[in-house]
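Notes follow the structure.
The values are calculated or read from the model by the stated rules, or taken from the named source; none is laboratory data. Predicted model, so just to flag it, every value in this text is computed and none were measured. Cβ placement follows ideal geometry from the backbone for every residue including glycine, while neighbour counts extend to all protein chains displayed. Calculation scope for accessible area: heavy atoms of the full protein, side chains included, ligands and nucleic acids excluded. Shrake-Rupley method; radii C 1.70, N 1.55, O 1.52, S 1.80 Å.
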Amino acid sequence: MFLEIDDTAPPLYDGGTDRHDRETPGFMCGIVGLFLKDKALEPQLGALLAGMLEVMTDRGPDSAGFAVYGAGAPGHVKLTVRGADLDGLADAIGGVKATVRDSHLVLSLPAAEEDRVRGWLALERPDLVVIGAGQRIELYKEVGLPADVATRFNLAGMSGTHGIGHTRMATESAVTTDGAHPFSTGPDQCLVHNGSLSNHRSLRRMLEPHGIAFTTDNDSEVAAGYLSWKLREGASLAQALEDSLDDLDGFFTFVVGTESGFAVLRDPISCKPAVMAETDRYVAFGSEYRALVGLPGIEHARVFEPEPARVYAWEHG
Amino acid sequence: MPVIDLARASTRELNARLHALTPDDGETEWVVANPQGRHALAVGLDQPVTVEIKGHAGYYCAGMNAEATVIVDGNVGVGVAENMMSGTVLVKGDASQAAGATAHGGLLVIEGDASARCGISMKGVDIVVKGSIGPMSAFMAQSGNLVVLGDAGDALGDSIYEARIYVRGSVKSLGADCIEKEMRDEHRADLVRLLAAAGLGDVAHADEFRRYGSARQLYTFHVDNAAAY
């Protein structure tokens with residue numbers, strides 16, 4: 001016999017779509033990060049990051065994303081726009097330079113033009129999403145095997161000072177690009193997250209009146225927004241992460257990038273895996289050591305596991 | 001001495017060759033080259049052979065080991081020697097989380113540090129760590145010995161049963177129902193034996209250690225609750 005279902009009753013779980021947008025609360029997803037100290041390595045940043053990302057396919061074969069901090073001009077911003085029908089867009093906007101990479105377009109424009117261009121996009125092309133903005137950050141994410149995603153955007157050809165990446169295994173939700181990491185909620189800021197947050201609904205309600213805007217229902221985007229809020233209020237990256245230990249509830253390993261900084265934080269019981277390597281030339285992060293095997297001089301690196309609830313942060317001078 | 005180069009062979013080929021060994025095989029010394037952090041290396045061995053892994057290993061290295069000696073010339077990932085039954089596992093570098101988890105017997109020696117949950121639910125294994133151990137180590141440890149020459153992190157021995165913990169350095173905090181206990185002659189003798197087995201007899205002296213174990217105050221230890229079963 002069938003149970004009668006009263007569909008006028010409130011659902012047992014009223015968390016909206018958020019339950020389905022959480023990142024794999026189980027054990028998977030891979031994250032990687034590379035922060036260069038040696039300028040001579042900068043032309044290889046994309047190639048090294050692509051190699052790290054591909055090894056993490058086992059942890060996340062559904063989609064992949066990465067942020068690269070490349071060249072930037074003072075007084076200019078870069079907007080990374082994702083969507084279809086990107087050809088001719090720059091001409092239509094006017095006064096911007098554009099680089100198309102597959103489903104993404106990077107617009108370079110004078111900082112004073114940012115509001116006008118964002119306004120134009122919102123009005124004329126609401127189908128497009130601005131997924132990253134800043135002087136140097138470029139951000140790409142797409143559905144597919146990490147190696148294929150990296151190839152589509154020619155990650156191996158990118159140079160830069162630092163970059164972070166994510167491979168996703170969707171266990172509770174559809175495989176969509178919206179659910180892919182990194183998330184960027186502030187200028188030149190991005191975050192990748194392995195884990196799940198329990199109090200992201202209340203955090204979202206706290207942050208929205210402060211002007212932190214979200215484009216998805218994803219819990220990881222809330223973590224990114226929390227850090228953006230703290231940074232905007234004047235906190236250093238390290239301080240923002242320290243504060244997050246008090247305010248975020250859940251499982252997390254975060255790797256965070258800013259214009260000049262790179263940081264790592266694990267929750268107090270270190271639920272999610274993490275391994276780091278440091279040499280005179282770079283600092284690298286991987287969900288597993290395997291991701292670091294292809295880095296130059298790894299056999300002589302200081303390899304260590306970041307401690308729970310301890311902020312690790314590096315900054316370019 | 002057979003060398004299996006993981007730059008060319010798969011993990012499955014390595015383990016299949018080691019599983020195929022019989023007591024009559026002459027090959028008792030094996031070398032694994034280019035491990036590159038791969039998972040599940042040298043798991044499920046059941047013959048008294050020695051396998052030396054030349055580099056870092058990934059998760060569950062030497063899991064379920066019986067009889068064999070596995071030496072890792074590098075670091076290991078999560079769950080080294082998990083559920084080991086007998087034999088010896090020696091890690092020359094650091095170990096990630098849950099080293100020796102649920103292991104029933106044998107000896108696990110870590111020359112570097114071990115991170116969180118070292119010896120979680122250990123069931124008879126002896127674990128000797130030359131460095132320090134992370135938080136929540138020996139959680140629900142049931143029997144066996146955990147010897148630490150360095151320091152222990154938070155919540156050591158939470159909900160511990162009958163395992164014995166010996167720490168030479170500091171203990172950041174003790175977990176629920178774990179207390180410091182008197183060092184008697186039998187414990188000193190045990191420590192001397194364990195340090196010697198780990199090749200650390202000259203590095204540390206039994207008198208330098210403090211012993212920790214169960215206060216036996218949790219639900220499980222009250223005879224009144226036995227009627228519930």
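What Rg and what Dmax come out for region A:72-135 when only alpha-carbon atoms are used, in angstroms?
Looking at region A:72-135, its Cα Rg and Dmax stand at 10.5, 30 Å.
Just going by the charge dipole of region B:3-221, with Lys and Arg at +1 and Asp and Glu at -1 on Cβ, which of B:G26, B:M140, B:V91 is farthest out on the positive end?
The one lying farthest along the dipole's positive direction is B:M140.
Volume per residue, Å³, of the convex hull around the alpha-carbon atoms of region B:45-132?
Values: hull volume 5.1 nm³, N = 88.
Expressed per residue, the convex hull around the Cα atoms of region B:45-132 is 58 Å³.
Mind checking which aspartates and glutamates have their Cα closer than 13 Å to the Cα of A:K141? Skip sequence neighbours fewer than 8 apart in that chain.
Candidates past the 8-residue exclusion: A:D62, A:D102, A:D178.
Between B:K92 and B:L200, what is 0.36 nm times their sequence separation minus the Cα-Cα distance? Round to one decimal in nm. Show your work: numbers first, answer last.
Numbers: separation 108, 0.36 × 108 = 38.88 nm, distance 1.29 nm.
Going from the current span to full extension adds 37.6 nm.
Rounded to whole Å and sorted largest first, what semi-axes of the equivalent ellipsoid does the C-alpha gyration tensor of region B:3-221 yield via the square root of 5 times each eigenvalue? Spell out each step's value before the answer.
Working: eigenvalues 191, 52, 47 Å².
In descending order the semi-axes read 31, 16, 15 Å.
Normalised by the number of residues in region B:3-221, what is the relative contact order in percent for Cα pairs under 8 Å and 6+ residues apart?
Working: 720 pairs, mean separation 22.0, N = 219.
Dividing the mean separation by the residue count of region B:3-221 yields 10 percent.
Largest first, what is the accessible-area ranking of B:V129, A:V303 with a 1.4 Å probe?
Working: B:V129 0, A:V303 20 Å².
In descending accessible area the options line up as A:V303, B:V129.
Mind listing the long-range amide H neighbours of B:V32? Cut-off is under 5 Å, sequence gap 5 or more, other chains count too, H placed in the peptide plane at 1.01 Å from N.
Residues meeting the amide H criterion: B:I4, B:E52, B:I53, B:K54.
On the Cα set of chain A, report Rg and Dmax in Å, please.
19.3, 71
Which links in A:K39/B:K130; A:K272/B:K92; A:K37/A:K78; A:K230/B:K172; A:K39/A:K272; B:K92/B:K172 stretch past 27 Å when you go from one Cα to the other? Don't jump to the answer; show the numbers that get you there.
On the way: A:K39/B:K130 38 Å; A:K272/B:K92 24 Å; A:K37/A:K78 24 Å; A:K230/B:K172 31 Å; A:K39/A:K272 31 Å; B:K92/B:K172 25 Å.
Exceeds cut-off: A:K39/B:K130; A:K230/B:K172; A:K39/A:K272.
On a 0 to 90° scale, report how tilted helix B:185-197 is relative to the longest principal axis of chain B, with both axes built from alpha carbons and the result rounded to the nearest 10.
Helix B:185-197 and the main axis of chain B meet at about 20 degrees.
List the lysines whose alpha-carbon lies under 22 Å from that of B:K123, not counting same-chain residues fewer than 8 positions away?
Reachable lysines: B:K181.
Where the Cα atoms of region A:173-317 are projected onto their three principal axes, how long is each span, largest first, in whole Å?
48, 37, 28
Averaging the inverse of every distinct alpha carbon separation and then flipping it gives the Kirkwood radius. What is it for region B:21-60, in angstrom units? Provide the component values of the computation, followed by the final result.
Details: mean 1/r = 0.0907 Å⁻¹.
Result for region B:21-60, one decimal place: 11.0 Å.
For A:K78, A:K39, B:K181, what's the largest-to-smallest order of accessible area, 1.4 Å probe? Walk me through the numbers before you get to the answer.
Numbers: A:K78 20, A:K39 155, B:K181 45 Å².
Putting A:K78, A:K39, B:K181 in descending order of accessible area: A:K39, B:K181, A:K78.
Can you give me the span-like helices of chain A, meaning DSSP H runs with 18 Å or more of Cα extent along the axis and Kyte-Doolittle mean at or above 1.0?
On the way: long enough: A:219-232 (20 Å, -0.30).
Correct list, ordered by number: empty.
By how many nm would the segment from A:A47 to A:R201 grow when fully extended, if each residue of separation counts as 0.36 nm and the alpha-carbon distance is taken off? Write out the running numbers ahead of the final one.
Details: separation 154, 0.36 × 154 = 55.44 nm, distance 3.74 nm.
Full extension from A:A47 to A:R201 adds 51.7 nm.
Classify region A:103-185 as rounded, prolate or oblate from the Cα gyration tensor: take a ≥ b ≥ c as the square roots of its eigenvalues, call it rounded if a/c is under 1.5, otherwise prolate when a/b beats b/c and oblate if not.
Numbers: a/c = 2.21, a/b = 1.39, b/c = 1.59.
Because a/c hits 1.5 or more and a/b fails to exceed b/c, region A:103-185 counts as oblate.
Given the DSSP H assignment, sum -39500 (n - 2.57) over each helix run of at least 4 residues in chain A and divide by its residue total; what's the result at 222 nm in deg cm²/dmol, nearest 500? Kindly include the intermediate steps, with their values, before the conclusion.
Details: 8 runs with 71 residues, N = 317.
Mean residue ellipticity at 222 nm (helix-derived): -6500 deg cm²/dmol.
What distance in nm lies between label points placed 7 Å from Cα along the C-beta direction at A:K97 and B:H19?
For A:K97 paired with B:H19, the spin-label model returns 5.8 nm.
Is any residue of region A:150-168 close enough, with backbone N under 12 Å, to a label point placed 7 angstrom from the Cα of A:A71 along the Cα-Cβ axis, and if so, which?
A:159-160
Would you mind computing the Rg to Rh ratio of the protein assembly as shown from its alpha-carbon coordinates, Kirkwood style for Rh? Can you show the working numbers first?
Details: Rg = 26.1 Å, Rh = 25.3 Å.
Looking at the protein assembly as shown, the ratio lands at 1.03.
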